[in-house]
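The values are calculated or read from the model by the stated rules, or taken from the named source; none is laboratory data. From a predicted model like this one, the values you see are computed outputs, not experimental measurements. Accessible surface areas use protein heavy atoms only, side chains included; no ligands, DNA or RNA. Shrake-Rupley method; radii C 1.70, N 1.55, O 1.52, S 1.80 Å.
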Amino acid sequence: MKPLVQLYIQQFKTTLAMMFQYRASLVIWTIGQVLEPLVYLIVWSVVANSSGGSVGSYTTADFAAYFIVLMLVNQVTYTWIMYEFEYRVREGILSAALLKPVHPIHSDIADNISSKIITLPIMIAIAIIFAFAFHTSVAPAPWAILAFIPVLLLAFLIRFILEWTLAQAAFWTTRVSAINQSYFVAFLFLSGQIAPLTLLPHAVQILSLLLPFRWLINFPVELLLGRLTMVETLIGIGAQFGWLIVSIVLLRTVWRAGVKAYTAVGA
Amino acid sequence: MSEEKDNPMAYAIHVRDLSKFYVVTQQETGTKAAFQNLVHRRKVEVRAVDGISFDIEPGEIVGFLGPNGAGKTTTLKMLTGLLHPTSGELSVLGYVPSKREAAFLRQITLVMGQRNQLVWDIPAELTFELNRVIYRIPPDSYRSMVTELTELLDLGSLLKKPVRNLSLGERMKCEIAVALLHRPGVVFLDEPTIGLDVTMQQRIRTFITQYNQRFGATVLLTSHYMADVATLCKRVLVIHHGKLLFDGELSGLLRQFTSHKTIIIQLDNCKADLSNYGEIESYEDGKYTLRVPKTETARVTERLLAELPVIDLLVEDPPIEEVIARVFAQEEK
């Protein structure tokens, strides 16, 4: 275990050095992360105002709280591996990784966590400013705050492993952007990114219960907003554990098959 | 002794009847052909490596020669576990490379002249540190290796500069260093000197010899620069169209494939017709280059000296590039 811890620490130093090299793109990236939820927030606030101050169980202030917390949850769980993997396969960078005596996912997880550690404080500051600007606040029960931390970590892990697995489509096809695009659309609607899931049609809600996306975004957000009962939270955590196991099994199977395909036709 | 030789484990690298075939779909151009392709694609089997066998002893430096597409890189990739062989037997340090076991990967390295593992925007030092933890190199051993590599490759302050600010040669030195931090016992080098100037090529060559001597490492190297092979390798493997054409000492290759010698003579300020002495290959600044059958060399030299005002005379083996080119040309026929 210790060598892995060292690997994570060393990767943190490397990522830090790289991020200082890419300060400008870091700023652009942050703006993007902020802008998307901000747009939905404003749209839904306008809708709520025009329909008498609320939509479903969401008031204007509730929408603001929802999308501000969502911005943070998305920030913590976000990955960019699907863009990266295709490039690695195409440029042959993956070959170098395959020659290393460590599973390449570790460097990726470490890199992701490292850059989050650096960007998270900025996002929290932006979230606080937004909360003031939109006159909103959250007041969850102490148990919900306590539960939020493992729930967020599980959401990160599942999202990371799932997207890392999906990224391996690059082993089989050079046109992964179509796959990525379908995934992002599904994610957008079924995770609660575009609107709180309770406001979506019944069929979509049922579908969202069966798919992983909801447990990665909507569930942690609603938990912190204090909208879930303890039982609902426990069910959610159960679903997360289920998806964690599924995603790990998928990862192992797909990775093995992917490497086999890669090494069959030439790296 | 012979029993030991039969044991593949006694070799650093053991290869028997190794093959790698690819199936590629061939597409013909044109609209009609495009529609035909939709229904039926013509599949063609490409034999990148076609039943090669060789053994390499621990500590040997072996050169791997062949034109582009001969199967050199495919073989290196199979030896490092990046490619699964179609058939044949393969072991490196007793491991089956395609299993990609951590214990195996910790003992080998592959340096590709056109690919790199250093992170572009940060100093090489940081990639070094990353490899230290990835290969679990103990701190003492890491420090001494960095010192040693810095000295041998004259790295100086290069490790502290962002990689993108290094020249091609400087970067290659750092690439080689980072690939050797874990003291691999088997080193695969694919075109390590490609694109480098002559001084830098020499520096890298010297280094490879030093590394081989200091650590008793086995080295398998491919290169387009014959000088690399001529200075580094006593033994060469020649591969063409996926088949092994020659395995033996470099001098043996010359002997086997050259039937001629080259005589370079300079005459005292006069032009003469030398065509009855041998085949004239070139004439430049009073210097003639003659191609003479090996068996005739002594006789022709004698005649030249006796009959012409010779200032200088030199008998040489044809350049190794030429020999190799001729070997491949013969194969084409």
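What angle do you read, to the nearest 10 degrees and between 0 and 90, between the alpha-carbon axis of helix A:230-265 and the longest principal axis of chain A?
Taking Cα atoms only, the helix is inclined about 30 degrees.
For the stretch B:1-137, what does the alpha-carbon gyration tensor say about shape, rounded, prolate or oblate, given a ≥ b ≥ c as the root eigenvalues, a/c under 1.5 as rounded, and a/b over b/c as prolate? Display every interim value, and only then the final one.
Numbers: a/c = 2.60, a/b = 1.36, b/c = 1.92.
Judged from the Cα gyration tensor, the stretch B:1-137 comes out oblate (a/c at least 1.5, b/c at or above a/b).
Using a ≥ b ≥ c from the Cα gyration tensor of the stretch B:118-223 (square roots of the eigenvalues), is it rounded, prolate or oblate, where a/c under 1.5 gives rounded and otherwise the larger of a/b and b/c decides, a/b for prolate? Mind showing how you got there, number by number?
Details: a/c = 1.63, a/b = 1.05, b/c = 1.55.
Oblate, since a/c reaches 1.5 and b/c is not below a/b.
Would you report the distance distribution of C-alpha pairs in chain A as whole percents per 5 angstrom bin, up to the bin with the largest distance?
Pairs per bin, as whole percents: 1, 5, 11, 15, 18, 17, 14, 9, 5, 3, 1, 0, 0.
Run the numbers on chain A and let me know its relative contact order in percent, using alpha-carbon pairs under 8 Å that are six or more apart. Mind showing how you got there, number by number?
Working: 254 pairs, mean separation 69.6, N = 267.
Worked out over chain A, it gives 26 percent.
Accessible area of A:His103, 1.4 Å probe, to the nearest 10 Å²?
60 Å²
I'd like the accessible area for B:Asp285, computed on protein heavy atoms only with a 1.4 Å probe and all protein chains in place. Round to 10 Å², please.
Rounded to the nearest 10, the figure is 130 Å².
I need the shape label for the stretch A:100-223. Rule: rounded when a/c is under 1.5, else prolate if a/b > b/c, else oblate, with a, b, c from the alpha carbon gyration tensor.
Details: a/c = 1.93, a/b = 1.28, b/c = 1.51.
The shape class here is oblate.
Please report the relative contact order for the stretch B:91-206, taking Cα pairs under 8 Å with a sequence separation of at least 6, and give it as a percent rounded to a whole number.
Details: 122 pairs, mean separation 47.8, N = 116.
About 41 percent, as a whole number.
If we restrict to alpha carbons, what Rg and Dmax does the stretch B:8-254 come to, in Å?
Taking only Cα atoms of the stretch B:8-254, I get Rg and Dmax of 19.8, 67 Å.
Using a 1.4 Å probe, what is the accessible area per residue for the stretch B:186-328, in Å²?
Numbers: 6960 Å² over 143 residues.
Result: 49 Å² per residue.
Which percent of the accessible heavy-atom area of the stretch A:2-265 goes to carbon and sulfur, probe 1.4 angstrom? All intermediate terms of the calculation are to be shown ahead of the outcome.
Numbers: 9170 of 12350 Å².
Of all accessible area on the stretch A:2-265, carbon and sulfur atoms account for 74 percent.
Taking only protein heavy atoms and a 1.4 Å probe, what accessible area per residue, in Å², does the stretch B:114-173 have with all protein chains in place? Write out the running numbers ahead of the final one.
Numbers: 2820 Å² over 60 residues.
Counting only protein heavy atoms, the per-residue value for the stretch B:114-173 is 47 Å².
Above 48 angstrom, tally the Cα pairs of the protein assembly as shown and express them as a % of all pairs, no decimals. Walk me through the numbers before you get to the answer.
Working: 59523 of 179700 pairs.
Across the protein assembly as shown, Cα pairs with separations above 48 Å total 33 percent.
Which one of B:Ser87, B:Ser19, B:Ser157 has the biggest mean-square fluctuation once chain B is modelled by GNM with Cα springs under 10 Å?
B:Ser157
For chain B, which whole-number percentage of the solvent-accessible area (1.4 Å probe, protein heavy atoms only) is attributable to carbon and sulfur atoms? Could you put the intermediate results ahead of the total?
Working: 8030 of 16200 Å².
Percent of accessible area from carbon and sulfur atoms in chain B: 50.
Per DSSP H run of n ≥ 4, the term is -39500 (n - 2.57); total these for chain A, divide by its residue number, and report the mean residue ellipticity at 222 nm rounded to 500 deg cm²/dmol.
The helix contribution divided over chain A gives -26500 deg cm²/dmol.
What list of ³J(HN,Hα) couplings, whole Hz, do you get for the stretch B:127-143 from phi and the Karplus terms 6.51, -1.76, 1.60, once you set θ to phi - 60° and write x for glycine and proline?
Each residue's phi maps through the Karplus curve to give 5, 4, 4, 5, 5, 4, 6, 5, 8, 6, 7, x, x, 4, 5, 5, 4 Hz.
If one takes the accessible area of chain B alone plus chain A alone and subtracts that of the pair, with a 1.4 Å probe, what total in Å², rounded to the nearest 100, results?
On the way: alone 17430 and 13860 Å², together 28770 Å².
Rounded to the nearest hundred, the buried surface is 2500 Å².
Out of B:Asn131, B:Asn68, B:Asn212, any idea which swings most in a Gaussian network model of chain B, alpha carbons joined below 10 Å?
Comparing B:Asn131, B:Asn68, B:Asn212 in a Gaussian network model of chain B, the most mobile one is B:Asn68.
With every protein chain in place, what's the accessible area of A:Phe241 (1.4 Å probe, Å², nearest 10)?
Only protein atoms counted, so the area is about 110 Å².
Based on alpha-carbon centroids, what's the gap between the stretch A:1-79 and the stretch A:127-184 in Å, whole number please?
A separation of 9 Å, based on Cα centres.
With springs connecting C-alpha atoms under 10 Å apart, model chain B as a Gaussian network and identify which of B:Val187, B:Val300, B:Val238 has the largest mean-square fluctuation.
Maximum fluctuation in the GNM of chain B, among the listed residues, is at B:Val300.
Which three extents, in angstrom, do the Cα atoms of the stretch B:44-94 have along their principal axes, listed largest first?
39, 23, 18
At 222 nm, what helix-only mean residue ellipticity would chain B give, in deg cm²/dmol to the nearest 500, using -39500 (n - 2.57) for each DSSP H run of four or more? Could the numbers behind the result be given before it?
Working: 12 runs with 121 residues, N = 333.
Helix-only estimate at 222 nm: -10500 deg cm²/dmol.
Ordering B:His14, B:His241 by how much accessible area each has at a 1.4 Å probe, largest first, what is the list? Let's see the in-between values first.
Details: B:His14 10, B:His241 105 Å².
Sorted by accessible area, descending: B:His241, B:His14.
Among the listed pairs B:Lys271/B:Lys294; A:Lys13/A:Lys260; A:Lys2/B:Lys173; B:Lys20/B:Lys294; A:Lys2/A:Lys100; B:Lys77/B:Lys294, which are separated by more than 28 Å between their Cα atoms?
Numbers: B:Lys271/B:Lys294 25 Å; A:Lys13/A:Lys260 32 Å; A:Lys2/B:Lys173 31 Å; B:Lys20/B:Lys294 39 Å; A:Lys2/A:Lys100 17 Å; B:Lys77/B:Lys294 40 Å.
The pairs that break the limit, which is 28 Å between Cα atoms, are A:Lys13/A:Lys260; A:Lys2/B:Lys173; B:Lys20/B:Lys294; B:Lys77/B:Lys294.
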